[in-house]
Amino acid sequence: MIVDKPWGQVATYALNQPASVRVITVEPAQETSVHFHRMRDEMWVVLDRGLRIEIGNRTVQAEPGEEFMIPAEETHRISNVGQVRGRILEIAYGYTTEDDTQRLEDLYGRPLEPDW
């Protein structure tokens, strides 16, 4: 399943409650919202150059192959500061649905409160 987002897209390859696998693609000069999840941890594996990763108060210019763990309730964002699309392999552990996303900041005018 592929879901288009204002900043890119999310392709889901396995959607299960124990673990889900997705590829997040962020277009150049775009970024995801600052957000967190209450019911899942995430592991990100960086696939492409040009991505800046924010987890909590830490910001990293990520390199391909780097791995990041994002525990539940930790804020995070992906920004593409490169010239081409950037991808991250995401493995989520726990409840993986959009209704578990709490946005704190969003450049695209989407609601900051979840739909629940």
### Summary
Within segment 85-116, of all residues that are in contact with a Ser or Thr (Cβ under 6 Å, 6 or more places away or on another chain) and within 17 Å of Val23 (Cβ to Cβ), the one surrounded by the most Cβ atoms within 10 Å (Cβ to Cβ) is Ala92
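Within segment 27-50, take every residue that is acidic (Asp, Glu) and within 22 Å of Glu98 (Cα to Cα) and give me the one that is surrounded by the most Cβ atoms within 10 Å (Cβ to Cβ).
Looking only at segment 27-50, we keep the residues that are acidic (Asp, Glu), and these are 27, 31, 41-42, 48.
Imposing the further condition that a residue be within 22 Å of Glu98 (Cα to Cα) reduces the set to 27, 31, 41-42.
Values: Glu27: 16, Glu31: 21, Asp41: 16, Glu42: 24.
Looking at residues that are acidic (Asp, Glu) and within 22 Å of Glu98 (Cα to Cα), I get Glu42.
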### Task
Go through (1) within 13 Å of the chain's Cα centre (by Cα); (2) in a strand (DSSP E or B); (3) modelled with pLDDT under 95 and name the single condition Leu104 misses.
(1)
### Task
Sort through Gly56, Gly82, Gly50 and tell me the only one that's at pLDDT 95 or above, small (Gly, Ala, Ser) and in contact with a Ser or Thr (Cβ under 7 Å, 6 or more places away or on another chain).
Gly56
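Scanning for something buried (at least 20 other Cβ atoms within 10 Å of the Cβ) and out of contact with any Cys (no Cβ under 6 Å at 6 or more places or on another chain), does segment 51-58 turn up at least one residue? Give the derivation first.
The first filter runs over segment 51-58 and keeps only residues buried (at least 20 other Cβ atoms within 10 Å of the Cβ), leaving 51.
Filter once more, keeping what is out of contact with any Cys (no Cβ under 6 Å at 6 or more places or on another chain): 51.
Scanning segment 51-58 turns up at least one residue that is buried (at least 20 other Cβ atoms within 10 Å of the Cβ) and out of contact with any Cys (no Cβ under 6 Å at 6 or more places or on another chain).
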### Task
From (1) exposed (fewer than 15 other Cβ atoms within 10 Å of the Cβ); (2) within 19 Å of Val3 (Cα to Cα); (3) in contact with a strand residue (DSSP E or B) (Cβ under 6 Å, 6 or more places away or on another chain), pick out the condition that doesn't hold for Ser20.
(1)
### Query
Which one is surrounded by the fewest Cβ atoms within 10 Å (Cβ to Cβ) among residues in segment 69-84 that are under 18 Å from Leu51 (Cα atoms) and among the aliphatic types (A, V, I, L, M)?
Val84
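The values are calculated or read from the model by the stated rules, or taken from the named source; none is laboratory data. Computed from a prediction, not measured in an experiment: that's the story for all the values here. Neighbour counts are summed over all protein chains in view; Cβ atoms, including those assigned to glycine, are modelled from backbone coordinates with ideal geometry.
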